[in-house]
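Enquirer: The structure that follows is given in the form of structure tokens.
The values are calculated or read from the model by the stated rules, or taken from the named source; none is laboratory data. What you see is a predicted model; the values in this text were computed from it and never measured. Note that we place each Cβ from the backbone using ideal geometry, even for glycine, and neighbour counts take in every protein chain shown.
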Amino acid sequence: MASMILLQCFLFAASLGCSGGGSGMSSSGGGSGTGLVASFVADVTSPTAGEVTLAQGAISGDTFTVEVRLTGISAVRSAEFDLLYDASQLEFVDDTPGTALETSGLPVIYVAGTNVPGVVTVAADIAGPSTVNVSGTRPLIGLVFRLRRSGSSRLDFQGPQLRDGASQSINSNWFGGSANGS
């Protein structure tokens, strides 16, 4: 089963035209010089056990990172979801690895990309027969965006799944937020 999930991640990455794991852009890297300043407001600022939330990460001018965070979830092996946003407002730039799955001690495969405007498709998977217990709140992955213009954009999950070592769905609640540019 583990090799099947790993194969699916690689095929998914190829279909998006990306290799996963980020392209090396620092989440604190400079913006494009648009003069805009980004901010992010999460729907849930004090998550409880069993929740997956978005939170503000690093911001540099018009470029910002949104962290996808897990809180109090046991036996996690993988995650997959789409994150919806207004493509006229935001541009997806890169992904940065989190630490939630890294505690397994095995390699973690991260794939994030977009081949439909306004949708970032994300998969993260421990490359081996292991799971992690997330106590407290830990970042799963960071998603880096750049503002295209001033205004606001919702960021919401679609089709989110956390899976355990047997590829069974883990019950969890997912919450988004809003990106703002001025």
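Enquirer: Out of the residues in the range 113-151 that are in a strand (DSSP E or B) and of a type in the set (Lys, Arg), which is nearest to residue 72 (Cα to Cα)? Don't jump to the end; show me each part of the working.
Expert: The initial filter retains those residues of the range 113-151 that are in a strand (DSSP E or B), namely 113-116, 119-126, 132-147, 151.
Keeping just the survivors that are of a type in the set (Lys, Arg) gives 138, 146.
Working: 138: 9, 146: 30 Å.
My answer is 138.
Enquirer: Scanning the range 146-169 for residues that are in contact with a Gly (Cβ under 7 Å, 6 or more places away or on another chain) and of a type outside the set (Lys, Arg), which turns out surrounded by the most Cβ atoms within 10 Å (Cβ to Cβ)?
Expert: Only one residue tops the list, namely 147.
Enquirer: Something else: Being surrounded by fewer than 17 Cβ atoms within 10 Å (Cβ to Cβ), in contact (Cβ under 8 Å) with a residue 40 or more places away in the chain and not in a strand (DSSP E or B) is the filter here, so list the residues in the range 42-86 that pass it.
Expert: 43, 50, 86
Enquirer: If you don't mind, another one. Could you list all residues from the range 51-79 that are over 18 Å from residue 95 (Cα atoms) and in contact with a strand residue (DSSP E or B) (Cβ under 6 Å, 6 or more places away or on another chain)?
Expert: Passing the criteria: 51, 71, 73, 74, 76, 77.
Enquirer: Just checking, how many residues over the range 152-182 are more than 24 Å from residue 37 (Cα to Cα) and assigned to a loop (DSSP other than H, G, I, E, B)?
Expert: Total satisfying the criteria: 8.
Enquirer: Further question: What about residue 26, is it more than 16 Å from residue 156 (Cβ to Cβ), among the small types (Gly, Ala, Ser), modelled with pLDDT under 95 and more than 18 Å from the chain's Cα centre (by Cα)?
Expert: Details: more than 16 Å from residue 156 (Cβ to Cβ): yes; among the small types (Gly, Ala, Ser): yes; modelled with pLDDT under 95: yes; more than 18 Å from the chain's Cα centre (by Cα): no.
Judged against the criteria, residue 26 is not a match.
Enquirer: Then there is this: Go through the residues of the range 131-138 one by one and say whether even a single one is of a type outside the set (A, V, I, L, M), surrounded by fewer than 19 Cβ atoms within 10 Å (Cβ to Cβ) and free of Cβ contacts under 8 Å to residues at least 40 places away in the same chain.
Expert: Scanning the range 131-138, I find no residue that is of a type outside the set (A, V, I, L, M), surrounded by fewer than 19 Cβ atoms within 10 Å (Cβ to Cβ) and free of Cβ contacts under 8 Å to residues at least 40 places away in the same chain, so the answer is no.
Enquirer: Among (1) more than 23 Å from residue 60 (Cβ to Cβ); (2) in contact with an Asp or Glu (Cβ under 9 Å, 6 or more places away or on another chain); (3) in contact (Cβ under 8 Å) with a residue 24 or more places away in the chain, there is one condition residue 151 misses while meeting the rest; what is its number?
Expert: (1)
Enquirer: Here is a follow-up. What single numbered condition from (1) among the polar types (S, T, N, Q); (2) in a loop (DSSP other than H, G, I, E, B); (3) free of Cβ contacts under 8 Å to residues at least 40 places away in the same chain fails to hold for residue 103?
Expert: Result: residue 103 fails condition (2) only.
Enquirer: Kindly indicate whether residue 76 is within 18 Å of residue 126 (Cα to Cα) and either of a type outside the set (Phe, Trp, Tyr) or modelled with pLDDT of 95 or more (or both).
Expert: Working: within 18 Å of residue 126 (Cα to Cα): yes; either of a type outside the set (Phe, Trp, Tyr) or modelled with pLDDT of 95 or more (or both): yes.
Yes.
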